[in-house]
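Chemist: Here it is, the structure in full.
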There are 2 protein chains.
Amino acid sequence: MKIQFPKQVHIVEVGPRDGLQNESQAIPTDVKLQFIQKLADAGLTQIEATSFVHPKAIPQLADAEEVAKSLLRKPGLIYSALVPNEKGLRRALDCGIRRLAVFTATTESFTRNNIHMTVEESLQAFAPIIREACANGVTVRGYLSCCFVCPFEGAVSKHRVLELAQRLLDIGVNQVAISDTIGVAVPTDVLETVGFLLEKLPTDFVALHFHDTYGTALANVFAGLQLGIETFDSSAGGLGGCPFAPGAAGNLATEDLVYMLEKMGIDTGVDLQKVVEASSIIAQSMGRDLPSRVWRRLKTGTPSSSPD
Amino acid sequence: MKIQFPKQVHIVEVGPRDGLQNESQAIPTDVKLQFIQKLADAGLTQIEATSFVHPKAIPQLADAEEVAKSLLRKPGLIYSALVPNEKGLRRALDCGIRRLAVFTATTESFTRNNIHMTVEESLQAFAPIIREACANGVTVRGYLSCCFVCPFEGAVSKHRVLELAQRLLDIGVNQVAISDTIGVAVPTDVLETVGFLLEKLPTDFVALHFHDTYGTALANVFAGLQLGIETFDSSAGGLGGCPFAPGAAGNLATEDLVYMLEKMGIDTGVDLQKVVEASSIIAQSMGRDLPSRVWRRLKTGTPSSSPD
């Protein structure tokens with residue numbers, strides 16, 4: 001059976017932001033910086049380093065300025081940060097961040113619960129932010145949550161996903177992360193919804209962002225690859241989840257993604273063992289094992305509090 | 001993107017045998033019987049209940065007779081048992097087992113380490129056993145280990161896999177479980193090797209048996225489904241591994257398999273929540289969590305010794 005896959009895949013590492021913001025234990029700033037540095041050493045070239053939200057909303061990322069200002073730049077490596085509003089934009093730009101991310105969702109219930117706006121208000125709020133970012137030569141990606149199922153409203157139509165992705169494109173976002181926020185999608189959902197999006201949108205505009213709640217994330221990646229998708233989000237160690245989505249577990253683990261892609265002969269440019277070492281920095285700080293299957297298999301000398 | 005999948009999938013539940021034989025903790029016989037009964041209640045129709053090996057070789061299954069004789073039969077439900085030799089065959093037939101399984105591998109090193117025979121000797125040994133089983137109206141499946149990678153010899157050629165699968169077919173086995181014993185295969189491996197087998201062998205002769213060491217088992221199932229495979233082995237809770245294969249983790253979890261298949265619209269006839277309850281019987285007896293992602297998400301009230 002001959003199926004075509006991309007020869008190369010871009011990984012957007014979201015562990016330091018999406019991962020750590022959803023872990024209950026806050027990580028000391030110097031440990032975060034070691035973690036990020038090791039991820040960069042591993043060859044990851046797109047790392048979402050933090051989020052410029054209000055420190056009261058996400059205390060885990062209250063050190064956004066310090067983290068952003070201490071990042072070691074190198075050619076070909078892009079650090080991004082999430083910004084929820086204009087104040088976040090200013091803080092991010094002041095810290096020298098050159099790629100931003102904004103966040104909305106397909107359903108009113110999820111958007112209201114998560115960012116206290118309607119979907120329309122979120123788009124209205126982001127438009128000037130994106131304009132100003134672009135005027136400063138800064139690019140913006142958009143997270144679109146609940147592209148398959150919403151924890152409050154159930155199944156989400158592919159037409160709604162296309163409508164919102166199109167709106168994000170229209171206001172200047174140059175990539176949309178189609179997100180399975182609660183990790184319930186299966187490969188047929190990916191073929192259906194993402195296949196539909198790709199009839200209307202350019203392939204490089206679409207990234208896929210999976211959570212591994214029910215273990216289906218890699219199967220979903222395989223479905224995405226068959227559609228020609230070349231950008232996937234993942235989180236070192238499988239860190240993260242979503243505090244606003246009941247039942248959500250960690251993100252797809254970067255280790256698991258790199259393992260599968262490289263063994264499929266798809267180039268990621270990432271050194272797997274170094275990602276494992278990066279995750280171990282956080283595991284050691286938290287004093288517990290991380291969900292990634294590959295991390296559990298390849299880690300060495302990390303204290304473990306769980307027997308499996 | 002239109003891809004055809006089977007409408008229905010047969011699951012061979014190997015938890016009570018392949019799962020429990022590879023767990024270091026022995027489970028009391030009455031707990032095993034409750035476990036098996038709950039798996040049958042869940043709608044599983046092919047359950048490998050035990051193995052008639054020498055009790056010294058696998059003490060976890062030393063109660064094979066007691067388990068086999070106590071199984072509650074019901075129409076449409078087939079209990080199988082692994083037999084390594086003629087003595088095992090007699091014991092299994094005496095206990096009323098009507099489906100057997102034999103075991104070999106693609107490489108000499110693995111076969112010698114595992115069953116202390118050459119591959120050829122194993123086939124010579126099984127031929128009369130299978131003849132006698134068939135004469136008694138008992139069918140036999142064959143496990144073929146290391147169909148992708150051998151932990152001792154590395155990559156395994158698809159031609160070698162076909163050769164051995166063909167030999168098993170020739171000596172009367174009516175299904176071969178193409179096994180990724182150490183759980184290292186990725187979907188392209190499945191497309192390559194299993195796609196090749198299906199050019200020569202009937203689809204219903206081929207079952208796939210994955211381990212989830214690196215988290216790729218469900219992605220591999222998805223690849224198998226695209227090839228038209230209709231039978232998959234799995235183990236409740238993700239129990240098991242392989243003591244002879246360095247680094248092997250648990251089998252693909254039945255819960256994870258059922259979740260993905262049913263959400264893809266593929267009928268398994270299995271009640272997911274009841275499989276979760278079955279696994280919880282073992283988790284409770286062992287006093288620890290099981291690897292299945294879906295089990296961890298859906299279990300209720302099971303004591304947990306791991307924080308994730």
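Chemist: If ligands, DNA and RNA are left out, what is the accessible area of B:TYR79 with a 1.4 Å probe, given in Å² to the nearest 10?
Modeler: Solvent-accessible area, nearest 10 Å²: 10 Å².
Chemist: Ordered shortest first, which distances in nm separate the 7 Å Cα→C-beta label point of B:LYS2 from those of the other copies?
Modeler: In nanometres, ordered from closest: 2.1.
Chemist: What does the convex hull of the Cα atoms come to per residue for region B:71-173, in Å³? Let's see the in-between values first.
Modeler: On the way: hull volume 11.0 nm³, N = 103.
Per-residue hull volume (Cα only) is 106 Å³.
Chemist: Which number comes out as Rg/Rh for region B:149-260 once both Rg and the Kirkwood Rh are worked out on C-alpha atoms? Intermediate values should be presented prior to the final figure.
Modeler: Numbers: Rg = 13.3 Å, Rh = 14.1 Å.
Looking at region B:149-260, the ratio lands at 0.94.
Chemist: Would you list B:ASP233, A:ASP94 from the most to the least accessible area, probe 1.4 Å?
Modeler: Numbers: B:ASP233 0, A:ASP94 125 Å².
Largest accessible area first, the list is A:ASP94, B:ASP233.
Chemist: Anything losing 50 Å² or more of accessible area from the isolated chain to the full protein assembly: pick those residues out of region A:183-232, probe 1.4 Å, ligands and DNA/RNA ignored.
Modeler: Listed in order, they are A:VAL186, A:THR188, A:LEU191, A:TYR214, A:PHE222, A:GLN226.
Chemist: If you take every residue apart from B:ALA177 with its C-beta less than 14 Å away from the C-beta of B:ALA177, what net charge results, scoring Lys and Arg +1 and Asp and Glu -1? It would help to have the intermediate numbers written out before the result.
Modeler: Details: positive: B:ARG17, B:ARG99, B:ARG141; negative: B:GLU13, B:ASP18, B:GLU48, B:ASP180, B:ASP204, B:GLU230, B:ASP233.
The answer is -4.
Chemist: Could you please put A:ARG98, B:ARG131 in sequence from largest to smallest accessible area, using a 1.4 Å probe? Let's see the in-between values first.
Modeler: Details: A:ARG98 130, B:ARG131 160 Å².
Ranked list, largest accessible area first: B:ARG131, A:ARG98.
Chemist: Does chain B classify as rounded, prolate or oblate by the C-alpha gyration tensor (a ≥ b ≥ c root eigenvalues; a/c under 1.5 gives rounded; else a/b over b/c gives prolate, otherwise oblate)?
Modeler: In terms of gyration-tensor shape, rounded.
Chemist: If you look for lysine pairs in chain A that are eight or more places apart or on different chains, how many of them have Cα atoms under 15 Å apart?
Modeler: 8
Chemist: Provide the FRET efficiency to the nearest 0.05 for the A:ALA57-A:GLN4 pair, computing r from the beta carbons and using R0 = 41 Å. If you can, show how the numbers build up before the last one.
Modeler: Numbers: r = 43 Å, r/R0 = 1.05.
So the FRET efficiency works out to roughly 0.40.
Chemist: Here is a follow-up. Over region B:168-286, what is the percentage of antiparallel beta bridges among all DSSP beta bridges, to the nearest 5?
Modeler: Working: 1 of 9 bridges.
If I count the DSSP bridges inside region B:168-286, around 10 percent turn out antiparallel.
Chemist: Still on this model: Using a Debye calculation, one point per C-alpha and no hydration shell, please list log10 I(q)/I(0) for the protein assembly as shown at q = 0.05, 0.12 Å⁻¹ in order.
Modeler: -0.23, -1.15
Chemist: Then there's this: Over region A:3-115, calculate the relative contact order: mean separation of alpha carbon pairs under 8 Å at least 6 apart, over the residue count, as a percent. Write down the numbers at each step before the final one.
Modeler: On the way: 151 pairs, mean separation 26.9, N = 113.
It comes to 24 percent, rounded to a whole number.
Chemist: I would also like to ask the following. Residue by residue through A:251-263, how many Cβ atoms from other chains fall within 10 Å of the Cβ on average? The partial results should precede the final answer.
Modeler: Details: counts 0, 1, 1, 0, 2, 4, 1, 0, 6, 9, 1, 1, 8.
The mean count of partner-chain Cβ atoms within 10 Å per residue comes to 3.
Chemist: Taking a ≥ b ≥ c as the square roots of the Cα gyration tensor eigenvalues, with a/c under 1.5 meaning rounded and otherwise prolate when a/b beats b/c, else oblate, which class fits region B:27-120? All intermediate terms of the calculation are to be shown ahead of the outcome.
Modeler: Working: a/c = 2.02, a/b = 1.79, b/c = 1.13.
Judged from the Cα gyration tensor, region B:27-120 comes out prolate (a/c at least 1.5, a/b above b/c).
Chemist: Please compute how much accessible surface disappears when A pairs with B, both sides summed, using a 1.4 Å probe, and round it to the nearest 100 Å². Before the final figure, lay out the partial values.
Modeler: Working: alone 12610 and 12600 Å², together 21610 Å².
Buried: approximately 3600 Å² between B and A.
Chemist: Students often check this: by mean Cβ neighbours within 10 Å, which of A:13-23, B:215-225 ranks highest, and how do the rest follow? Intermediate values should be presented prior to the final figure.
Modeler: Details: A:13-23: 26.5, B:215-225: 28.5.
Ranked from most to least packed, the peptides come out as B:215-225, A:13-23.
Chemist: Now for a different question. Counting heavy atoms of the protein chains only and a 1.4 Å probe, report the per residue accessible area for the protein assembly as shown as a whole number of Å². Before the final figure, lay out each step's value.
Modeler: Details: 21610 Å² over 616 residues.
Spelled out: the 1.4 Å probe surface of the protein assembly as shown, per residue, equals 35 Å².
Chemist: Right, another one. In percent, what relative contact order does region A:73-203 have, based on Cα pairs under 8 Å that are 6 or more apart in sequence? Could the numbers behind the result be given before it?
Modeler: On the way: 191 pairs, mean separation 29.7, N = 131.
Over region A:73-203, the number comes to 23 percent.
Chemist: To the nearest whole number, what is the average tally of beta carbon atoms from other chains within 10 Å of the beta carbons of peptide A:280-291? Before the final figure, lay out the partial values.
Modeler: Values: counts 0, 0, 0, 0, 0, 0, 1, 1, 3, 3, 1, 4.
Counting Cβ atoms of other protein chains within 10 Å of each residue's Cβ and averaging gives 1.
Chemist: Which three lengths, in whole Å and largest first, does region A:260-301 cover when its Cα atoms are put on their principal axes?
Modeler: Result for region A:260-301: principal-axis Cα extents of 34, 16, 14 Å.
Chemist: Enumerate the calculated ³J(HN,Hα) couplings along region A:14-29 in order (Karplus 6.51 cos²θ - 1.76 cosθ + 1.60, θ = phi - 60°), each rounded to whole Hz, writing x wherever the residue is Gly or Pro.
Modeler: Ordered by residue, 3J(HN,Hα) equals 10, x, x, 9, 5, x, 5, 5, 9, 9, 5, 7, 6, 9, x, 4 Hz.
Chemist: At 7 Å along the Cα-to-beta-carbon direction for both B:LEU77 and B:ASP30, put a label point, then send me their distance in nm to one decimal.
Modeler: So the label points at B:LEU77 and B:ASP30 sit 2.0 nm apart.
Chemist: Based solely on its DSSP helices, what 222 nm [θ] is calculated for chain A when runs of n ≥ 4 H residues each add -39,500 (n - 2.57) and the sum is averaged over all residues, nearest 500 deg cm²/dmol?
Modeler: Values: 11 runs with 119 residues, N = 308.
So the helix-based figure for chain A works out to -11500 deg cm²/dmol.
The values are calculated or read from the model by the stated rules, or taken from the named source; none is laboratory data. These numbers come from a predicted model, not from an experiment. For neighbour counting, all protein chains shown are included, and Cβ atoms are generated from backbone atoms with ideal geometry for every residue, glycine included. For accessibility, only protein heavy atoms count, side chains too; no ligands or nucleic acids. Shrake-Rupley method; radii C 1.70, N 1.55, O 1.52, S 1.80 Å.
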